[in-house]
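Report on the following structure.
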Amino acid sequence: MEQSKLTTNLMIKELEKNEVTHVVWLPDTETSFLYQSISTNNQINIIPICREAESIPLAAGLWIGGKKPVVMIQNTGLFESGDSIRGLAVDIDLPLVIVVGYRGWTRHGITKDSAAIYTEPTLNAWGLKYYLIDGDDDLNRISIAFEESTKEQKPIVCLIGAEYN
């Protein structure tokens, strides 16, 4: 079966539409196309990180400084950043969109990767609302996440189930 795809330019347009100023990011092989495209963008700055746990404190500092960051990490990194998500983003009601690569998830088969198996239960345990993005037709969910995170003053997660191209 064919894998769903996300067009990098459409993803960038969605971020620009929501006035994102910074992407706090630990790139991985699945997001390399998007990373290359954003690195040439004049409106969005990339803040590279060494570990995912750094993402939430950096995004909080940017937000406090009047910027509009988004965090991009993989679901394995979501687990690694759990303490900063809980202790900072959730506890201070940080209006932040966290874009999470849904490694191991598949719509068309049995999910065997434990990273995918534990992603949604972990988000539910932390009380984080999330949206699945499995192709270009779902990209409007990013805007919905930004609207809700601002209105509710809470972090919202966008799970990326498709590959970038």
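Please treat every number below as a calculation from the coordinates, not as lab data. Everything numeric in this text was worked out from a predicted model, so none of it was measured. Because the Cβ atoms are built from the backbone with ideal geometry, glycine has one as well, and the counts that use them run over all protein chains shown.
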Exercise. Given (i) 109; (ii) 130; (iii) 101 as candidate values of volume of the Cα convex hull per residue in Å³, which corresponds to the one derived from the coordinates?
Worked result: (iii)
Problem set entry | Residue with peak Gaussian network fluctuation, the chain [Cα springs, cutoff 10 Å], from Y102, Y35, Y118 | Y118
Seminar exercise, completed: With +1 on the Cβ of every Lys and Arg and -1 on the Cβ of every Asp and Glu, the dipole magnitude of the chain about its Cα centre, in debye rounded to the nearest 20, is 160
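Quick check on the chain: helices-only [θ] at 222 nm, where DSSP H runs of length 4 and up contribute -39,500 (n - 2.57) each and the sum goes over total residues. Nearest 500, please.
Working: 6 runs with 59 residues, N = 165.
Taking each H run of at least 4 residues, the total per residue is -10500 deg cm²/dmol.
If you count, for each residue, the other Cβ atoms within 10 Å and average over each peptide, how do 152-162, 88-98, 122-132 line up from highest to lowest?
Answer by packing, highest mean first, reads 152-162, 88-98, 122-132.
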Exercise. Which aspartates and glutamates have a Cα less than 18 Å from the Cα of K68, not counting those fewer than 8 places away in the same chain?
Worked result: E14, E16, E19, E54, D93, E147, E148, E152
Problem set entry | Between region 87-165 and region 10-63, the alpha-carbon center distance in angstrom | 15
Problem set entry | Proximal lysines relative to K112, as straight alpha-carbon distance under 28 Å, when same-chain residues fewer than 8 apart are discounted | K5, K129
For this session: Give the residue from A53, W126, T40 lying farthest towards the positive end of the charge dipole for region 1-151; charges sit on Cβ (+1 for Lys and Arg, -1 for Asp and Glu) and the dipole is referred to the Cα centre.
Result: T40
